[in-house]
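Below is one structure, written out as structure tokens; the observations come after it.
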Amino acid sequence: MDTLKCSAFTRRSILRSAAGAGLTAALTASPAKAANYRGVVGNIKPRPTGSSLVDMIKLLPEGIGVIPVFLNLTQGSREEYGSSYATYEKHIAYLASQKCNVIAIEGAPPFMLLGPTREAEMVDGWKRKYNTDMFTSSQNQVNAFKALKAKRILGITSGSGGPEMNKVYAKYFEDNGIGVVAMEGMGVEFNSIPDVPPATIASFVKKAFAEHKGADAVYILGSSLEALPLIAPLERELGVPVVQAIAARIWEIQKRLHVHEPIKGYGRLLETLPA
């Protein structure tokens, strides 16, 4: 449930030496002692699998430290999500005690289930209680679409929660004033999400975009789908911005830490860093 050693959570990406070295440096360096210190991010992740933590750390500007902790979700069910809030708070309390400047609360589905109003009440309560800035993945993604001035989105999910959860995701965005032309699931089991080939994801996105007209942005739900390298190519082909969880998180971390370092090659959000 708590922080794990590097070998436990890097999986495929730790095999890439550059990424592995970047992760080790980010977790073992003492940013408070560095001349370019910019702050520490507490990162609550749903589970210790996939490459998303490595990918985020690799792209964060130098001088930003990361302290990761994990919920260890195993089912991805509505029931498991609904019982996770006490564990989230336990990790928030720990990260606040470590003097994190901001906490990125991953796992959009548990908070989308609450809806925007109850989510904001819960998160604002934690902010006051622990005197620490924080945001959920779902709040972050809404912020990204609004910064990009997107009005109607096409959503792509793993589909592990079935059609019922896709309706929850669509309603969450609609309740935030963002139209949803469709929320399409790929039909992937929860524990298999990190193993979906990027080419399969890209093909599914392009097919769904061709079938559902009227979207001015594409949304890819979840850090575990390995879609980070797909953002820029999809944007070029589809002609609309693509919001993906890892890139959106990096954008918001920079914004909250008052850092402004555009990152090329990962889509318009990171290249332009809109306010």
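Brief remarks follow.
- The range 235-275: relative contact order as a whole-number percent, Cα under 8 Å and 6+ apart: 40
- Out-of-range pairs (alpha-carbon distance over 29 Å; input Lys99/Lys255; Lys149/Lys207; Lys45/Lys213; Lys129/Lys255; Lys90/Lys264; Lys149/Lys264): Lys45/Lys213; Lys90/Lys264
- Surface listing: Ser51, Ser160, Ser203 arranged by accessible area from highest to lowest gives Ser203, Ser160, Ser51, probe 1.4 Å.
- Within the chain, helix-based [θ] at 222 nm, where runs of 4 or more DSSP H residues each add -39,500 (n - 2.57), nearest 500: -14000 deg cm²/dmol
- Protection proxy ranking for 65-75, 114-124, using the average of other Cβ atoms within 10 Å per residue and placing the highest first: 65-75, 114-124.
- Under the criterion of Cα pairs below 8 Å and six or more residues apart, the relative contact order for the chain equals 17 percent.
- The range 142-189: trypsin sites (Lys or Arg not before Pro) in DSSP coil with no more than 14 other Cβ atoms inside 10 Å: Lys149, Lys151
- For the residues Tyr37, Tyr266, a 1.4 Å probe over the protein chains yields an accessible-area ranking, largest first, of Tyr37, Tyr266.
- Shape category assigned to the chain from the gyration tensor of Cα positions, a/c cut at 1.5: rounded
- Stokes-Einstein D for the range 225-270, Kirkwood Rh over Cα pairs, 10 °C, 1.306 mPa s (µm²/s): 146
- Between 0 and 90°, nearest 10: helix 17-28 axis offset from the chain longest Cα axis: 50
The values are calculated or read from the model by the stated rules, or taken from the named source; none is laboratory data. Just so it is clear, the structure is predicted and the values come from calculations on it, not from any experiment. Cβ sites come from the backbone with ideal geometry, for glycine too, and all protein chains shown count toward neighbours. Side chains included, ligands, DNA and RNA excluded: accessible areas come from the protein's heavy atoms. Shrake-Rupley method; radii C 1.70, N 1.55, O 1.52, S 1.80 Å.
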